[in-house]
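The next block holds one structure in the form of structure tokens; read it before the comments.
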Amino acid sequence: MSISKTDTTGAQTVAPATIASVRGLKVHFRSKAGRVHAVDGVDFDVRDGETLGLVGETGCGKSVTGRAFLRLLPVPPGILAGGSVMFRPQTSCGGCGGEGCAQCGGSGRRPTPCPTCRGQGCPDCQGTGAETLDLLKVSDKQMRGIRGDRIAMIFQDPGKALNPTLTIGEQLGEVFLQHRSVDLLEEAGIDSGESGFQAGALRRLAGQRDRRTDRMAAALWPPLRRRAQSVRQALDNRIAAALGETQIPNPRNIMRSYPHELSGGMRQRVMIAQALACDPDLIIADEPTTALDVTVQARILDLIGQLQAKRGSSVIYISHDLSVVRRICDRVAVMYAGRVVEIGETDQIFNDPRHPYTKGLLAAVPTTRTPRGKLAAIPGSVPELVDPKPSCRFADRCAQVHAACTASDPILSAVNPGHDVACFLEHPTSPKTEAAE
Amino acid sequence: MTDMSRLPTPEQASEAASGSVLSLRGISKHFPIRAGALQRVVGHVRAVDGVSFDIRPGETLGLVGESGCGKTTLGRLASGLLSPTSGGSYFNLDTAALSKLNAAYALPEDARAAALAPLEAAHGIATMPKAAQSRFRRNCQMVFQDSFSSLNPRHLVIDIVGRPLRVHKEASGEALTERVVELLEQVGLGRQHLYRYPHQFSGGQRQRISIARALALDPELIILDEPTSALDVSVQAQILNLLNDLQAERNLAYLFVTHDLSVVEHMADRIVTMYLGRVVEAGPTRTLFDAAAHPYTRALIAAKPDLAVDDPQVAKFAALDGSIPDPARPPRGCHFHTRCPVATPNCGWELDDIVRLLERSEDLFESLSDVSRHSDFAGELAFEDEGSAERLAQALRSDATPASMRSAMESLTVDGRTLRVRFQEVGEVQLSDRGPDHIAACVIKDA
């Protein structure tokens, strides 16, 4: 991804404000009862440096949407039925070397120029000049390079997401070995031009491609052992630094411990350290605080916020907890039954909700104001998503249902600048005329 | 935990004129820690340590705390699923019996047994006659957190909900079916659900089945152990409304165990806050939310994200440092002093706090070779070299150590490789009155 100076300026002029955009994403699952439309036509953009909240009830497809970014879906039974997830990877700014300057808006990063047009704008990158990848179509090898490096994920249950048989240091080290082996070799003083068995063995050891002979040589042959140890040292330094950044006290001790020896909050910190290790452009946080106590949750949310502000990365925050989302997100997308029903700025969603489902969700949260026994529950439950009919998915639970709702699908369209709703109450025009337009 | 100053004073007890459904007095549950080939008992985890409170008829008592503070264990003790290590629980006390019980616990320990004997025989859960025990079991039901594991996957709904009726020989045959249908209709299900298995229901519906089962014998008290923590907000709202309607209809008392403060604020009349097996504060819901006396309760409330706050930027997260200490070796004095933002020198600083500090620093802990204790408050720490001892002494005198901990140190001397420390000795912090029906265990009295 090396680029010349001219490319830098070319890309800068057409810097897109979005880092990822999801268009018509459809993920279906095959089941005995039929095809489950878990995610059925989801559209949203993730702007550069923002925190986008993805909220909804269990089974509304929010986790599947998040996982689609990293293609971490079981296929089969999953079917990527259509749509695209366009992602614009970034590199550190050439002007300031990641320190933050006027050219990159102080964030220290800017989009990677498009390889076909070298940042001048072409049909491949829709004229933006930035490299744009369709995450659903890139090769497995390329995807492997993106996972953990450009897009990282923080999982819900750190007890299950960490490998109980490896120490914290071993599992965190894998991220660096996979994505930063060149830097590790450089730090250990191994020249990139060097050739021969020793250099090859070291390169393989630092990239998790080691063979049995490499390991044997590193154990028995003193010169190689010394150099392998210096790579190990460089790796340990990086792991300790990554752990230290998440405010883990005494990281060198933690590195040697196993996940079961740590508390839930600590484990979640390790997960965050692992996700942030390679300074990703986009972090997908899938309910990172659900398994934690409120006091610990507050700390973890603070930590994610601080680290994000420092690095300027974007976050997709998947959660069912509306009060948390309100506190930390810039924009919110409300999902229901595999669709985005409302999307907008956090203020717009929470102070001026337009979709009956969003209104219902907000009223269902117990607050100081609601009198006892007067919680506005949404009747019924999330519908089965097996071969759904063309109608508003919320129609059978909606209090304001009318003829148009059961006849056709509402389309997400704007009610205010930046605030889109998919509801016939807001857009009474029949969808046929809308489609004709 | 024999001091009973935490009990409501007689005039407070008379305010609650209707007695109590269930009264716990100094109840403890210690789980043994076993180690070695012979599984010798090497210590005890004090899951619940001397807890007292009353549940009055028709009220909702909220029990809150972080995970690991013993609230679930306490719920199980209250329902009689676990038998306590010490202390007593008393069922169905009228006003006279309740004041007798309080009077008995106000007596010195040696005279207490005689005064308690008639109460134990009539109301004590472990000591009452068989018939009364069976009456208690009918009147005290439980709803568990995880409806997956608390409903037998091989039984039909009619068997699950009808089971209590069968056991207590309330109904059989056609009458049983009708009773079950009636119960299911009360919780928003119907006849069509009778012959289905638990896996055919959603999480919310399964929790409704659990509630129907708890209602079957028309109990006076239901212990709800995190009944909505596995549910979505919209379904949670349905369940909370249902619980409220049932309470209004049947004058049920609830012990609502939860970690969700929004839910407990909405549901509870009174709240009990627990930390490391002990009650740190108890009082009416509004009092606790508006003017909590214990810093732990304040921290819990501050950490709760609230949707009702109009400007989320104003309400900054107030987070607690550190994690819950090991319940097998709880801190002395106030259990909370290790994490307390307003700790004073009188909060029970001890030798273990130095060890906790050491664990955070990289190399000092490695060079620690021996700790010899004279008591929990005084002892010697031996290091492998003189430098480490000197460095620790410096760290203990510097700002890296909390100011209250520094002033709690009565002496700190370095003698070669050993460091002698003595902290001031303090007793246990007792619950004290803070207002009507409001008690808290904190050394700061006018917070």
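The values are calculated or read from the model by the stated rules, or taken from the named source; none is laboratory data. Note that the structure is predicted; figures quoted are calculated from it, not measured. Don't worry about glycine lacking a Cβ; one is built from the backbone with ideal geometry, like all the others, and counts go over all protein chains shown. In case anyone asks, the SASA skips ligands and DNA or RNA and just uses the protein heavy atoms, side chains included. Shrake-Rupley method; radii C 1.70, N 1.55, O 1.52, S 1.80 Å.
Which residues, counting only those in the range B:117-128, are over 25 Å from B:GLY277 (Cα atoms) and open to solvent by less than 60 Å² (accessible area, probe 1.4 Å)?
Step one: list which residues in the range B:117-128 are over 25 Å from B:GLY277 (Cα atoms), which gives B:117-119, B:121-122, B:128.
Selection gives B:ALA117, B:LEU119, B:ALA121, B:ALA122, B:MET128.
Within the range A:359-368, restricting attention to residues that are without any contact (Cβ under 8 Å) to a residue 40 or more places away in the chain and crowded, with 21+ Cβ neighbours inside 10 Å, which residue is farthest from the other protein chains (Cβ to nearest Cβ)? Write out each step before concluding.
At the first step, the residues of the range A:359-368 found to be without any contact (Cβ under 8 Å) to a residue 40 or more places away in the chain are A:359-360, A:363-364, A:366-368.
Imposing the further condition that a residue be crowded, with 21+ Cβ neighbours inside 10 Å reduces the set to A:360, A:364, A:366.
Values: A:GLY360: 6, A:ALA364: 4, A:PRO366: 3 Å.
Of everything passing the filter in the range A:359-368, A:GLY360 is farthest from the other protein chains (Cβ to nearest Cβ).
Among B:GLU178, B:GLU174, B:GLU185, B:GLU170, which is open to solvent by 90 Å² or more (accessible area, probe 1.4 Å) and either closer than 17 Å to B:ASP218 by Cα or in contact (Cβ under 8 Å) with a residue 12 or more places away in the chain (or both)?
On the way: B:GLU178 fails: open to solvent by 90 Å² or more (accessible area, probe 1.4 Å); B:GLU174 fails: either closer than 17 Å to B:ASP218 by Cα or in contact (Cβ under 8 Å) with a residue 12 or more places away in the chain (or both); B:GLU170 fails: open to solvent by 90 Å² or more (accessible area, probe 1.4 Å).
After applying the criteria, what remains is B:GLU185.
Would you call B:LEU221 within 13 Å of another protein chain (Cβ to nearest Cβ) and either more than 19 Å from B:ALA78 (Cβ to Cβ) or open to solvent by less than 10 Å² (accessible area, probe 1.4 Å) (or both)? Steps first, answer last, please.
Working: within 13 Å of another protein chain (Cβ to nearest Cβ): no; either more than 19 Å from B:ALA78 (Cβ to Cβ) or open to solvent by less than 10 Å² (accessible area, probe 1.4 Å) (or both): yes.
Here the answer is no, as B:LEU221 does not meet what is asked.
For the range A:244-262, name all the residues that are more than 12 Å from chain B (Cβ to nearest Cβ), assigned to a helix (DSSP H, G or I) and buried (at least 17 other Cβ atoms within 10 Å of the Cβ).
Residues satisfying the conditions are A:GLU245, A:PRO259.
In this structure, does A:VAL270 turn out to be open to solvent by less than 10 Å² (accessible area, probe 1.4 Å), more than 10 Å from chain B (Cβ to nearest Cβ) and under 30 Å from A:ALA363 (Cβ atoms)?
So A:VAL270 does not fit the description; no.
Just checking, which of B:LEU7, B:LEU22, B:LEU74 is at pLDDT below 85, under 23 Å from B:ASP433 (Cβ atoms) and not hydroxyl-bearing (Ser, Thr, Tyr)?
On the way: B:LEU22 fails: at pLDDT below 85; B:LEU74 fails: at pLDDT below 85.
Step by step, each of B:LEU7, B:LEU22, B:LEU74 is checked, and only B:LEU7 is at pLDDT below 85, under 23 Å from B:ASP433 (Cβ atoms) and not hydroxyl-bearing (Ser, Thr, Tyr).
Given the criterion modelled with pLDDT of 80 or more and open to solvent by less than 30 Å² (accessible area, probe 1.4 Å), identify the matching residue among B:SER398, B:SER411, B:SER372, B:SER404.
Working: B:SER398 fails: open to solvent by less than 30 Å² (accessible area, probe 1.4 Å); B:SER411 fails: open to solvent by less than 30 Å² (accessible area, probe 1.4 Å); B:SER372 fails: open to solvent by less than 30 Å² (accessible area, probe 1.4 Å).
None of the others qualify; the one that does is B:SER404.
Looking for whichever is of a type outside the set (Lys, Arg), over 27 Å from B:HIS438 (Cα atoms), in a helix (DSSP H, G or I) and within 9 Å of chain A (Cβ to nearest Cβ) here; the options are B:GLN247, B:GLN192, B:GLN238, B:GLN207. Which one fits? Steps first, answer last, please.
Numbers: B:GLN247 fails: over 27 Å from B:HIS438 (Cα atoms); B:GLN192 fails: within 9 Å of chain A (Cβ to nearest Cβ); B:GLN207 fails: within 9 Å of chain A (Cβ to nearest Cβ).
Going through B:GLN247, B:GLN192, B:GLN238, B:GLN207 in turn, the sole match is B:GLN238.
How about the range B:86-114: which of its residues are open to solvent by less than 40 Å² (accessible area, probe 1.4 Å) and either in a loop (DSSP other than H, G, I, E, B) or not charged (D, E, K, R) (or both)?
So the first thing to find is which residues in the range B:86-114 are open to solvent by less than 40 Å² (accessible area, probe 1.4 Å), and the list is B:88-91, B:93, B:97-98, B:101-102, B:104-105, B:112.
Selection gives B:GLY88, B:SER89, B:TYR90, B:PHE91, B:LEU93, B:ALA97, B:LEU98, B:LEU101, B:ASN102, B:ALA104, B:TYR105.
Quick one: which residue in A:ALA309, A:ALA277, A:ALA291 is within 30 Å of B:ILE301 (Cβ to Cβ) and more than 12 Å from every other protein chain (Cβ to nearest Cβ)?
Within the list A:ALA309, A:ALA277, A:ALA291, the selection yields A:ALA309.
Would you check if B:LEU156 is open to solvent by less than 20 Å² (accessible area, probe 1.4 Å) and modelled with pLDDT of 90 or more? Steps first, please.
Numbers: open to solvent by less than 20 Å² (accessible area, probe 1.4 Å): no; modelled with pLDDT of 90 or more: yes.
When the stated conditions are applied, B:LEU156 does not pass them.
Could you count how many residues in the range A:156-171 are over 12 Å from A:SER257 (Cβ atoms), assigned to a helix (DSSP H, G or I) and not small (Gly, Ala, Ser)?
Number satisfying all stated conditions: 2.
Could you list, in sequence order, all residues of the range A:178-196 that are modelled with pLDDT of 80 or more and more than 22 Å from A:ALA277 (Cβ to Cβ)?
Those that are modelled with pLDDT of 80 or more and more than 22 Å from A:ALA277 (Cβ to Cβ): none in the range A:178-196.
Name the pairs whose Cβ atoms lie under 7 Å apart, with the first residue in the range B:129-147 and open to solvent by less than 20 Å² (accessible area, probe 1.4 Å), the second basic (Lys, Arg), and 6 or more positions between them or separate chains?
Pairs that qualify, where the first residue is open to solvent by less than 20 Å² (accessible area, probe 1.4 Å) and the partner is basic (Lys, Arg), are B:SER147/B:ARG206.
Condition check ((1) outside any strand (DSSP E or B); (2) buried (at least 21 other Cβ atoms within 10 Å of the Cβ)) across all residues:
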| residue | (1), (2) |
| --- | --- |
| A:VAL46 | no, yes |
| A:LEU52 | no, yes |
| A:THR65 | yes, yes |
| A:PRO74 | yes, no |
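Going by the structure shown, is A:ILE283 more than 9 Å from chain B (Cβ to nearest Cβ), in contact with an Asp or Glu (Cβ under 7 Å, 6 or more places away or on another chain) and assigned to a strand (DSSP E or B)?
On the way: more than 9 Å from chain B (Cβ to nearest Cβ): yes; in contact with an Asp or Glu (Cβ under 7 Å, 6 or more places away or on another chain): no; assigned to a strand (DSSP E or B): yes.
Spelling it out, it is not the case that A:ILE283 is more than 9 Å from chain B (Cβ to nearest Cβ), in contact with an Asp or Glu (Cβ under 7 Å, 6 or more places away or on another chain) and assigned to a strand (DSSP E or B).
Given (1) among the aliphatic types (A, V, I, L, M); (2) facing chain A (nearest Cβ under 10 Å); (3) closer than 19 Å to B:VAL272 by Cα, where does B:ALA230 come up short, assuming only one miss?
With (1) among the aliphatic types (A, V, I, L, M); (2) facing chain A (nearest Cβ under 10 Å); (3) closer than 19 Å to B:VAL272 by Cα applied to B:ALA230, the lone miss is (3).
Is one or more of the residues making up the range A:199-207 modelled with pLDDT under 85, aliphatic (A, V, I, L, M) and outside any helix (DSSP H, G or I)? Explain how you work it out, then say what you get.
Pass one, the range A:199-207, residues modelled with pLDDT under 85: A:199-207.
Checking which are aliphatic (A, V, I, L, M) leaves us with A:199, A:201-202, A:205-206.
Cutting the leftovers down to outside any helix (DSSP H, G or I) gives us A:206.
Checked the range A:199-207: at least one residue is modelled with pLDDT under 85, aliphatic (A, V, I, L, M) and outside any helix (DSSP H, G or I).
Please find, within the range B:281-309, the residue that is farthest from the chain's Cα centre (by Cα) out of those that are over 14 Å from B:HIS266 (Cβ atoms) and in a loop (DSSP other than H, G, I, E, B).
To start, the set of residues in the range B:281-309 that are over 14 Å from B:HIS266 (Cβ atoms) comprises B:281-284, B:287, B:290-300, B:302-303, B:305, B:309.
Next, from what is left, pick out any that are in a loop (DSSP other than H, G, I, E, B): B:291-294, B:305, B:309.
Working: B:ALA291: 20, B:ALA292: 17, B:ALA293: 17, B:HIS294: 15, B:PRO305: 22, B:VAL309: 28 Å.
For the range B:281-309, the residue satisfying everything is B:VAL309.
Determine whether A:VAL270 is under 26 Å from A:ASP157 (Cβ atoms), part of a helix (DSSP H, G or I) and either modelled with pLDDT of 85 or more or of a type in the set (D, E, K, R) (or both).
Details: under 26 Å from A:ASP157 (Cβ atoms): yes; part of a helix (DSSP H, G or I): yes; either modelled with pLDDT of 85 or more or of a type in the set (D, E, K, R) (or both): yes.
So A:VAL270 fits the description; yes.
Would you pick out the residues in the range A:391-405 that are part of a loop (DSSP other than H, G, I, E, B), among the small types (Gly, Ala, Ser) and more than 14 Å from chain B (Cβ to nearest Cβ)?
Restricting attention to the range A:391-405, the residues satisfying the condition of being part of a loop (DSSP other than H, G, I, E, B) are A:391-394, A:398-402.
Then keep just the ones that are among the small types (Gly, Ala, Ser); that gives A:391, A:399.
Hit for the range A:391-405 is A:SER391, nothing else.
If a residue must be touching a residue at least 40 places away in the same chain (Cβ under 8 Å), aliphatic (A, V, I, L, M) and more than 20 Å from A:GLU50 (Cα to Cα), how many such residues does the range A:246-291 contain?
Within the range A:246-291, residues that are touching a residue at least 40 places away in the same chain (Cβ under 8 Å), aliphatic (A, V, I, L, M) and more than 20 Å from A:GLU50 (Cα to Cα) number 6.
Of everything in the range B:31-72 that's touching a strand residue (DSSP E or B) at 6+ places or on another chain (Cβ under 7 Å) and without any contact (Cβ under 8 Å) to a residue 60 or more places away in the chain, which residue is surrounded by the most Cβ atoms within 10 Å (Cβ to Cβ)? Walk me through it before giving the result.
Of the residues in the range B:31-72, the ones touching a strand residue (DSSP E or B) at 6+ places or on another chain (Cβ under 7 Å) are B:31-35, B:40-65, B:69-72.
Retained after the next criterion (residues that are without any contact (Cβ under 8 Å) to a residue 60 or more places away in the chain): B:31-32, B:34-35, B:40-42, B:54.
Values: B:PHE31: 16, B:PRO32: 12, B:ARG34: 11, B:ALA35: 10, B:ARG40: 10, B:VAL41: 10, B:VAL42: 11, B:ASP54: 24.
Checking each candidate, the answer is B:ASP54.
Considering only residues that are over 21 Å from B:SER411 (Cβ atoms), open to solvent by 30 Å² or more (accessible area, probe 1.4 Å) and of a type in the set (D, E, K, R), which ones fall in the range B:317-366?
Hits for the range B:317-366 are B:ASP321, B:ASP326, B:ARG329, B:GLU359, B:ARG360, B:GLU362, B:ASP363, B:GLU366.
Tell me the residue from A:PRO388, A:PRO371, A:PRO383 that is in contact (Cβ under 8 Å) with a residue 24 or more places away in the chain, more than 23 Å from B:ALA230 (Cβ to Cβ), of a type outside the set (Ser, Thr, Tyr) and in a loop (DSSP other than H, G, I, E, B), please. Show your work before the answer.
Values: A:PRO371 fails: in contact (Cβ under 8 Å) with a residue 24 or more places away in the chain; A:PRO383 fails: more than 23 Å from B:ALA230 (Cβ to Cβ).
Every option except A:PRO388 fails the conditions.
Return the total of residues in the range A:277-325 being within 20 Å of A:PHE176 (Cα to Cα), surrounded by fewer than 23 Cβ atoms within 10 Å (Cβ to Cβ) and of a type in the set (A, V, I, L, M, F, W, C).
Final tally of qualifying residues: 2.
Looking at (1) among the acidic types (Asp, Glu); (2) buried (at least 17 other Cβ atoms within 10 Å of the Cβ); (3) within 30 Å of the chain's Cα centre (by Cα), which is the one condition that is false for A:ASP214?
(3)
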